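Contents: one structure, followed by commentary.
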Amino acid sequence: MTRFLEKTVPAFAWLCGAVFLAAIASVVGYLLYKGLRTLDPGLFFGDTAPLDALLMKRRVFGGIFPAMAGTVLLVVLSVGWAVPIGLAAGIYLAEYARGGTKDTLNFFFDILAGLPSIVVGLFGFSLAVFLNKNVSARLHPCLLVSSVALAFLVLPYIIRTTQVSLETVPPRVRMTARSMGATRLQNIFRVLLPQSLPGLSSGVILAIGRCAEDTAVIMLTGAVATAGIPGSLLSHYEALPFYIYYISAQYADQRELATGYGASIVLLAVCLLLFFLAFLVRKSVTSRALYRA
Amino acid sequence: MTLPVKIRTHKISFSYDGKPVLRDATACFHEKSITAIVGPSGCGKSTFLLTLNRLWEEMPNGSMRGTVEMHLDGAFRDIYGKDFPVVQLRRRVGMIFQEPNPLPMSIFRNVAFPLQLAGIRERDLIRNKVERALRKVRLWNEVENRLSDPALSLSGGQQQRMCLARALILEPEVLLLDEPTSSLDPKAVEAVEQLLVDLKGRCTLLVVSHYLDQVRRIADRVVELRDGAFPIDAGTALMG
């Protein structure tokens, strides 16, 4: 029996890995098959000349360039809110919180992590309505509200990965700087955080992916079908996942549906690009913090 | 010749999670000499060292009674006193651990690290001090062309010497060494032992060691810790 298990468990593990890879390959393959031929300047810029669109001289109609810009802005903003707050909360949980406080906070962050995104979207929408009624009538669902709501959605990932990677720094490393006269903060910023960068960056990558794909939050908080490139934090905007959702629900002909596939490929590419950026940032921070002579 | 006393401990009792490790350990240690602390494993030797730089305070569940006084700035001072910042203490009392503990950063950064913690910023000064510390531990020739390599790429013996350089860069008055050679090969052991003997001139060294021949080679004095206490009066002067 033991021998049987020794043989079958690895085989099963291999099989699971293969199934997973096959699933990814078929999704990407299908997207490419359906959408590859739509990838031309027209998909991005519609009838506008590409150069005019890039220089923002002329507004793009019927192209996904504004949606790309919207998604990139949205991701950068949301991650920009979530990272500092998440880092601080993660540091607090790992290094300062103890006993009952820690257990309670852990419990609440677990709940927050499990919050369905449509609920977060509703929260963002109510926030916008509240601001509109009580602060200024100029405030309505917009890029700012969406990015805050999305930051709220991804905060638990960043808090958790920060906390876990700090807590798993080996005690020996944790003690080293302290034995040389490092204060608690010096130890956190000069040893523990640089040590945790790989963990932190995987949290950020997770957050980027989530912000880029989420549709439920943004359709309630400011994403619209046509808005052009957002002029300010308080304007409506377009976003790729919303475009994909919209086009696949209301396409008029096969050609329009195909642009949905094209947009999906572009969304994947945008995510890849953002992941790569996050990776580069991590690399450069690591070498700056630890290896520059 | 009797050397002046640098450290005296009075009735240190220590327990982890309520389990007693040290019981009324009283001893004194002399300036500019190597004192070896020996005893069966688990008798509290490492813990005793941790009470001298207060590092046990960073670990959970320890508790300590008793006093430790160190002769610093011309007078005996209670290192647990309220007016004695622990950060200052640890800059003057260096520690070397059983396993070399390079931080996962470059060689240069490792050695310069205590200086940066102390807030020293002048790059030239830091460079000079790093070079001097690395020369002191005879590592300079081996690493001068690869200072920005990760410290973890060094061999075990080199790592331990680098840790020594790192501990020496702040010119500590006391050096605590917890079995500093137990993870090294014979050649590296010899190099480290020679270094310790050289350091006697400016430092008070306390070495926890398992190896009796090592103790015989380098120690000026041997004290035995048994069941958490020093059974023979360790407060006496140097034995020959």
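Miscellaneous remarks
- Among the candidates A:ALA89, A:ALA53, residue that is buried (at least 18 other Cβ atoms within 10 Å of the Cβ), under 18 Å from A:LEU153 (Cβ atoms) and not β-branched (Val, Ile, Thr): A:ALA89
- Positions within segment A:254-276 being open to solvent by 70 Å² or more (accessible area, probe 1.4 Å) and either modelled with pLDDT of 90 or more or under 14 Å from A:ALA225 (Cα atoms) (or both), in sequence order: A:LEU268, A:LEU272, A:LEU273, A:PHE276
- Test: A:GLY62 is open to solvent by 50 Å² or more (accessible area, probe 1.4 Å) and closer than 25 Å to A:ALA225 by Cβ: yes
- In segment B:68-91, the residues that are in contact (Cβ under 8 Å) with a residue 60 or more places away in the chain reach residues that are of a type in the set (Ser, Thr, Tyr) with C-beta atoms within less than 7 angstrom, at least six apart or across chains, in these pairs: B:VAL68/B:THR9; B:VAL68/B:THR51; B:VAL68/B:TYR80.
- Verdict on A:LYS7 being part of a helix (DSSP H, G or I), among the basic types (Lys, Arg), at negative phi and surrounded by fewer than 11 Cβ atoms within 10 Å (Cβ to Cβ): yes
- Within segment B:58-69, considering residues that are over 17 Å from B:PHE29 (Cα atoms) and surrounded by 15 or more Cβ atoms within 10 Å (Cβ to Cβ), the one nearest to the other protein chains (Cβ to nearest Cβ): B:GLU58
- All helices (runs of 4 or more DSSP H) inside segment B:121-240 with 3 or more residues being open to solvent by 20 Å² or more (accessible area, probe 1.4 Å) and under 21 Å from B:GLY94 (Cβ atoms): B:123-136, B:156-168, B:186-199
- Close pairs from segment A:192-218: first closer than 30 Å to A:GLY124 by Cα, partner modelled with pLDDT of 90 or more and not in a helix (DSSP H, G or I), Cβ under 6 Å, at least 6 apart: A:ILE218/A:ALA239
- Candidates A:PHE20, A:PHE45, A:PHE12 - the one that is of a type in the set (Phe, Trp, Tyr), open to solvent by less than 90 Å² (accessible area, probe 1.4 Å) and without any contact (Cβ under 8 Å) to a residue 60 or more places away in the chain: A:PHE45
- For segment A:116-129, the condition holds for no residue, the condition being that it is in a helix (DSSP H, G or I), touching a residue at least 40 places away in the same chain (Cβ under 8 Å), hydrophobic (A, V, I, L, M, F, W, C) and under 30 Å from A:LEU290 (Cα atoms).
- Exclusive hit being within 14 Å of chain A (Cβ to nearest Cβ) and open to solvent by 20 Å² or more (accessible area, probe 1.4 Å), set B:SER41, B:SER46: B:SER46
- Just one of the listed residues (B:ASN128, B:ASN141, B:ASN101, B:ASN110) is more than 8 Å from chain A (Cβ to nearest Cβ), touching a helix residue (DSSP H, G or I) at 6+ places or on another chain (Cβ under 6 Å) and of a type in the set (S, T, N, Q), namely B:ASN110.
- B:ASP83 falls short on exactly one of the conditions (1) more than 8 Å from chain A (Cβ to nearest Cβ); (2) under 18 Å from the mean Cα position of the chain (by Cα); (3) over 27 Å from B:ARG23 (Cβ atoms); (4) of a type in the set (Asp, Glu), and that condition is (2).
- Long-range neighbours under 8 Å by Cβ, at least six apart or interchain, first residue at the interface with chain B (Cβ under 8 Å from one of its Cβ atoms) within segment A:165-186, second β-branched (Val, Ile, Thr): A:VAL173/A:VAL191; A:ARG174/A:VAL191; A:THR176/A:VAL191; A:ALA177/A:VAL191; A:GLY181/B:VAL87; A:ALA182/A:VAL191; A:ALA182/B:VAL87; A:THR183/B:VAL87
- Meets criteria (of a type in the set (A, V, I, L, M, F, W, C) and either more than 13 Å from the chain's Cα centre (by Cα) or more than 27 Å from B:ILE218 (Cβ to Cβ) (or both)) for B:ALA27: yes
- Among residues of segment A:157-189 being within 31 Å of the chain's Cα centre (by Cα) and not in a helix (DSSP H, G or I), the one that is surrounded by the most Cβ atoms within 10 Å (Cβ to Cβ) is A:VAL169.
- Criterion violated by A:SER146 - all others in (1) among the polar types (S, T, N, Q); (2) in contact with a Gly (Cβ under 7 Å, 6 or more places away or on another chain); (3) open to solvent by 20 Å² or more (accessible area, probe 1.4 Å) satisfied: (3)
- Scan of segment A:221-278 for residues that are hydrophobic (A, V, I, L, M, F, W, C), without any contact (Cβ under 8 Å) to a residue 60 or more places away in the chain and outside any helix (DSSP H, G or I), ordered by number: A:VAL224, A:ALA225, A:ALA252
- Number of the exception - A:VAL83 against (1) outside any loop (DSSP other than H, G, I, E, B); (2) free of Cβ contacts under 8 Å to residues at least 40 places away in the same chain: (2)
- Qualifying residues in segment A:190-232 (those that are open to solvent by 10 Å² or more (accessible area, probe 1.4 Å) and within 14 Å of chain B (Cβ to nearest Cβ)) - the one farthest from A:LEU272 (Cα to Cα): A:ARG190
The values are calculated or read from the model by the stated rules, or taken from the named source; none is laboratory data. Keep in mind the model is a prediction, meaning the values are calculated, not measured. Because the Cβ atoms are built from the backbone with ideal geometry, glycine has one as well, and the counts that use them run over all protein chains shown. These area figures cover heavy atoms from the full protein model, side chains too; ligands, DNA and RNA do not enter into them. Shrake-Rupley method; radii C 1.70, N 1.55, O 1.52, S 1.80 Å.
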